[in-house]
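One structure is given below, encoded as structure tokens.
The values are calculated or read from the model by the stated rules, or taken from the named source; none is laboratory data. Treat the numbers as computed from the prediction; the structure is a model and nothing was measured. Counting neighbours? That spans all protein chains shown, and the Cβs are built from the backbone with ideal geometry, glycine included.
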Amino acid sequence: MKTRLRQGFVEASARQARLAREIADVARQCHARGWALGTSGNFSAVRSEKPLRLLITASGVHKGDIQPGHILEVDGNGRVIRGSGRPSDETALHLTVVGARGARAVLHSHSVFGTILSEVHSADGGISIEGYEMLKGLTGVTTHAHREWVPVLENSQDYAALAQTLGETLRCDPAAHGVLLRGHGLYTWGRSVAEARRHLEILEFLFEVRGRQQGATR
């Protein structure tokens, strides 16, 4: 029994270390591509479902310098279980996405084109994107003729209220692969860090195409 418990602990620790490395790698990649400059953006992955444990980037860390040691473990209420520092102020939004979508990873970027388009299309309540081959990089999409709707929500510093609005939006738009906060940035997710990263790359590519096509104006 002790041997099995010890083995389980070692395996859990190894999984946590691997997830922390993946999260830190994605954060640095986003910084390098201009999607998470300075301390902007936050990134998370589910370590366990029962009880819910989320690994998430600590607040205030420059994303170009982030390391696995900057990744915190929080519970289902956003309380720090392991690690040093304060979790992102937007932890409640990550937990909302995990609960509503069954996501295993949630990524939040602050790109130039995502920010501009969120302002340009805020009155429409979202951005409609269709006709691009790159849409097939989104899970479940098999044709360029797919119409992807990316909701745009009003930004708020009241994260409890924003989390509630986000949850309602995800229930109303079950096919959405991402959500934009106005003047803020993109939230996307996946069944793994790799899938979430793919969705992030696809959506950011499409935002840049639309932004350049429109000249970022209507």
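Hey, among Gly125, Gly178, Gly137, Gly114, which residue is within 29 Å of Pro68 (Cβ to Cβ) and touching a Pro at 6+ places or on another chain (Cβ under 9 Å)?
Answer to the selection: Gly178.
Among residues belonging to the stretch 173-218 that are surrounded by fewer than 15 Cβ atoms within 10 Å (Cβ to Cβ) and basic (Lys, Arg), point out the one that is farthest from Ala24 (Cα to Cα).
Arg218
Out of all the residues in the stretch 170-183, is one or more touching a strand residue (DSSP E or B) at 6+ places or on another chain (Cβ under 7 Å), among the small types (Gly, Ala, Ser) and under 27 Å from Arg21 (Cα atoms)?
Looking through the stretch 170-183, at least one residue is touching a strand residue (DSSP E or B) at 6+ places or on another chain (Cβ under 7 Å), among the small types (Gly, Ala, Ser) and under 27 Å from Arg21 (Cα atoms).
Looking only at strands (runs of 3 or more DSSP E) that lie completely in the stretch 137-191, which have at least 2 residues being under 25 Å from Asp89 (Cα atoms) and among the β-branched types (Val, Ile, Thr)?
147-153
Output yes when any residue across the stretch 48-62 is in contact with an Asp or Glu (Cβ under 8 Å, 6 or more places away or on another chain) and under 15 Å from Gly178 (Cβ atoms), and no when none is.
There is no residue in the stretch 48-62 that is in contact with an Asp or Glu (Cβ under 8 Å, 6 or more places away or on another chain) and under 15 Å from Gly178 (Cβ atoms).
So the check is Cβ under 8 Å with 6+ separation or different chains; which pairs have a first residue in the stretch 98-122 that's more than 13 Å from Leu54 (Cα to Cα) and a second one that's of a type in the set (Val, Ile, Thr) and at pLDDT below 95?
Val120/Thr217
Among the residues of the stretch 55-97, what is the count of those that are in a loop (DSSP other than H, G, I, E, B) and in contact (Cβ under 8 Å) with a residue 40 or more places away in the chain?
5
Checking Glu49 against (1) at pLDDT 95 or above; (2) surrounded by fewer than 15 Cβ atoms within 10 Å (Cβ to Cβ); (3) farther than 22 Å from Phe205 by Cα; (4) of a type in the set (Asp, Glu), which test does it fail?
Single failed check for Glu49: (1).
Within the bounds of the stretch 145-152, is there any residue that is under 19 Å from the mean Cα position of the chain (by Cα), among the basic types (Lys, Arg) and either farther than 23 Å from Val26 by Cα or buried (at least 19 other Cβ atoms within 10 Å of the Cβ) (or both)?
no
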